[in-house]
Every structure is written in structure tokens, then in C-alpha cells.
Amino acid sequence: MTEENPTHATSQSTVRTTHSKPLSAGLRAAVGVTAAIDLIIGLAFLFAPELGFTLWPTPIAPVLSRFIGSIIVGNGVGAWLVVRQGTWEGARVLFAVALVYGIVVLVALLYHLLLGDAALFFWIYAVVDAIFLGPIAYIYWRYERS
């Protein structure tokens, strides 16, 4: 048995498991850009009430703006940690969260859009969400299988 994978016995001193596989340079760069964008947008949401603007397409309460900002800042910090660690083991939870979040948001948006009780602007958000789900799902699948 090894320290990295206690259920896998081997004669080698170091075993590279699926979960400790290094992320590609391109993926690390993309996650780094995502971290920066998340931190900027999250901070903008957090301080929007003081700055007198809203990033949401419809009016929202200041407490909701801060709530949204906190979630986005948390994702930005998580993405920064993924880049810093640089392995699938460090990235898999964030990708799983992104995948689940993206699917749930898409279903919820479509529900409200089809009922006609959401602003038409949210069709753009639904399309962007759907576009990002493909690469997130592919990356998750690819790294989990390798």
C-alpha cells in the first residue's frame, strides 16, 4: 500500500494515481483566468451597494448582492488554490461543483424562462451556461478516466 493510495499495493516507492495527475498548462491558465475574473466580479458584487451600481440585470437587495459576491469570491479563491496545487486531486471538487451548479442553474433558468416569469435577458445567461457546461463536463470526464 502507498501513502497516496492506501488501497493500491505496489513495489514502487511512488505511485501516481489518477487524482494526483498534473493539470495541463492550458487548463491551469484557464482556471487562473477564471480565478481572476471570479475575484473581480465577486468583489464588485460585494461592494456594489456602496458603489451605487448593480451587476444583476434586475434590481436586487444589497444583502443578496453581498451573498452572490461571497459565493463568487469563494469560487475565485478555490480556483486560485487549484492553480497553485496544479493537480486533478486539487481541481476535482471545484469542477464537480461547477458541473452541478451549471446543470441546476440551467434547469432552473429554463423552468422560469418557459413559464415566462423571468426577464428575457436570462436567455443569454442560459445559453452561456450551456456553452460552459460542455467543456467542464469533458474536462471532468477526461481527468477522471485517465
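The values are calculated or read from the model by the stated rules, or taken from the named source; none is laboratory data. Quick caveat, the model's predicted, so the values are computed rather than measured. Every residue, glycine among them, receives a Cβ derived from its backbone with ideal geometry; neighbour counts consider all protein chains shown.
Key figures
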read-out	value
Set 91, 118, 96: member being of a type in the set (A, V, I, L, M) and closer than 30 Å to residue 51 by Cβ	118
Selection within the range 112-128 - under 14 Å from residue 102 (Cβ atoms) and among the aliphatic types (A, V, I, L, M)	126, 127, 128
Number of the exception - residue 100 against (1) within 11 Å of the chain's Cα centre (by Cα); (2) at positive phi	(2)
Condition broken by residue 64, with the remaining ones in (1) of a type in the set (A, V, I, L, M, F, W, C); (2) in the same structural domain as residue 46 (by TED's automatic domain parsing); (3) buried (at least 17 other Cβ atoms within 10 Å of the Cβ) satisfied	(3)
